[in-house]
Amino acid sequence: MNADLVVVGAGLFGLTVAQQAAERAGARVEIIDIRPHIGGNAYSRMDEETGAEIHQYGAHLFHTSNERVWEYVNRFTSFTDYVHRVYSTHAGEVFPLPVNLGTINQFFRAHYTPKEAQALIAEQAGELAGVEAKNLNDKGIQLVGRPLYEAFFKYYTGKQWQTDPADLPASIINRLPVRFNYDNRYFKDKYEGLPTDGYTAWMERMIDDPKIHVTLGVDFFDESQPLNKAAIVGKVPVIYTGPVDRYFDYALGELKWRTVDFEEVRYEEGDHYGCPVMNYPDADVPYTRAIEFKNFNPERREQQNPDKTVVWREYSRSAGRDDEPYYPVNTQGDRDLYQQYKQLEAEEPGVIFGGRLGTYAYYDMHQVINSALTAYDKRIHPLLAK
Ligand code: FDA
């Protein structure tokens with residue numbers, strides 16, 4: 001093996017570390033990924049029929065207020081001026097999200113000022129004032145009042161967890177977003193946009209370096225391939241971004257995740273929703289939301305098919321071992337288990353666990369890039385520069 005560093009996982013954590021190692025330490029880097037493509041969950045591909053860029057593992061919107069991350073990502077891609085906005089179909093009507101003064105006035109057929117709306121919501125939330133929230137329903141009512149909670153949050157959250165909200169713990173929410181102005185911009189970050197040539201082109205440029213070599217379709221735990229765990233750990237520094245419990249062969253038990261199933265629907269029309277994301281918060285629609293990918297890139301209209309569009313409906317459920325792990329369930333039991341796995345990590349010479357799967361955490365892209373840059377500075381560069 002001629003590598004100075006092996007990176008397991010070609011997601012944004014692994015790619016950032018590989019790029020930094022090659023550039024700053026002149027290291028020869030081998031990246032492996034079990035999937036047939038780079039990019040991890042941020043991977044996207046073009047749909048020939050419609051000209052839509054499909055985000056294969058769910059909608060990905062880039063946003064950050066972190067100057068270092070923004071400067072770093074702009075080395076590999078420019079960004080469109082896309083601004084994320086979401087709509088919600090409730091009881092046969094479309095409302096803007098996050099819940100804002102426009103949503104409130106449409107919902108109550110009113111023309112409240114910010115102050116009046118705030119007073120109304122406070123009064124409605126007062127229904128359960130001073131009562132200990134027994135479940136999600138109680139907590140939701142205490143936060144935004146019964147009418148808005150039941151319309152926009154109750155069944156949506158129930159569908160996300162595949163559980164009756166009366167049986168969900170109050171602790172899964174601390175706040176529900178409500179704005180008392182007409183701002184329906186989803187993110188509040190300083191920078192926001194989508195990579196001009198798509199996610200995959202961005203990430204390919206990150207590793208466009210002769211010192212970086214990528215092998216796809218390879219499992220780190222498959223001993224029939226050369227860069228496997230038994231063969232390399234202890235011999236070369238390893239960055240591991242797969243599931244931490246899998247690394248230890250689930251010795252202490254499994255960390256729980258939720259996954260999302262996607263149902264594809266194609267329409268013989270140029271634009272089905274008029275927006276990229278439509279939420280469905282009502283109980284009688286089984287999916288949580290629908291993504292119309294073409295509408296993420298209105299600047300590409302000329303290249304898109306004017307008569308066809310593609311939509312993915314999302315269904316949330318608990319993940320089994322063979323499903324894609326998307327969102328950590330993160331109960332106290334999970335958090336305790338993860339801490340136990342972290343203790344085992346200390347016994348692994350030269351292996352650095354990173355990324356969302358390696359640290360059992362939900363990260364947005366800018367957060368995972370930031371954590372990779374920091375891990376590189378503090379822990380990886382010193383190993384390579386020896
Ligand atoms: P990631 O999962 O991307 O990469 C890990 C890689 O390791 C994978 O490619 C996997 O195949 C590989 N691997 C695992 N086991 C292996 C093994 N045994 N052998 C070899 N390879 C192995 N963020 C954001 O900023 N805006 C957004 O809108 C969204 N939207 C969004 C939607 C959904 C549904 C999800 C689940 C996530 C988002 N995100 C997001 C978060 C974003 O996806 C996330 O920040 C990055 O993908 C994390 O990159 P990582 O490198 O940590 O993991």
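The values are calculated or read from the model by the stated rules, or taken from the named source; none is laboratory data. The model shown is predicted, which means the values in this text are computed figures rather than measured ones. Virtual Cβ from ideal backbone geometry, glycine too; neighbours counted across all protein chains shown.
Brief remarks on what is shown
- Residue selection: Thr113 fails the criterion of being β-branched (Val, Ile, Thr) and within 30 Å of Pro298 (Cβ to Cβ).
- Residue in the range 85-93 that is touching a Gly at 6+ places or on another chain (Cβ under 9 Å) and in contact (Cβ under 8 Å) with a residue 24 or more places away in the chain present: yes
- Within the range 248-281, the residues that satisfy the criterion of being out of contact with any His (no Cβ under 6 Å at 6 or more places or on another chain), more than 30 Å from Leu344 (Cβ to Cβ) and part of a loop (DSSP other than H, G, I, E, B) are Glu268, Glu269, Gly270, Asp271, His272, Tyr273, Gly274, Cys275, Pro276, Tyr280.
- Scope the range 222-247; condition surrounded by 15 or more Cβ atoms within 10 Å (Cβ to Cβ) and assigned to a loop (DSSP other than H, G, I, E, B); matching residues: Leu227, Asn228, Pro237, Thr241, Gly242, Pro243
- Glu93 vs. criteria of a type outside the set (S, T, N, Q), away from the ligand (no atom under 16 Å from the Cβ), surrounded by fewer than 21 Cβ atoms within 10 Å (Cβ to Cβ) and closer than 26 Å to Arg313 by Cβ: yes
- Residue selected from the range 67-78 under the condition in a loop (DSSP other than H, G, I, E, B) and touching a Lys or Arg at 6+ places or on another chain (Cβ under 9 Å), by the criterion farthest from Asn297 (Cα to Cα): Arg75
- The range 288-315, subset surrounded by fewer than 20 Cβ atoms within 10 Å (Cβ to Cβ) and within 14 Å of the ligand (Cβ to nearest atom), residue nearest to Leu252 (Cα to Cα): Tyr315
- Residues of the range 336-386 classified as among the polar types (S, T, N, Q) and more than 21 Å from Met206 (Cα to Cα), total: 4
- Search result, residues across the range 305-362 that are among the β-branched types (Val, Ile, Thr) and farther than 16 Å from Gly242 by Cα: Thr309, Val310, Val311, Val329, Thr331
- The range 350-368 - residue that is touching a residue at least 60 places away in the same chain (Cβ under 8 Å) and more than 14 Å from Ile239 (Cβ to Cβ) and, of those, surrounded by the fewest Cβ atoms within 10 Å (Cβ to Cβ): Asp364
- When each of Val218, Val131 is tested for being in a loop (DSSP other than H, G, I, E, B) and closer than 23 Å to His55 by Cα, the lone residue that passes is Val218.
- Matching strands (runs of 3 or more DSSP E) fully within the range 1-53 where at least 1 residues are under 30 Å from Glu269 (Cβ atoms) and not assigned by TED's automatic domain parsing to the domain that holds Asp219: 44-46
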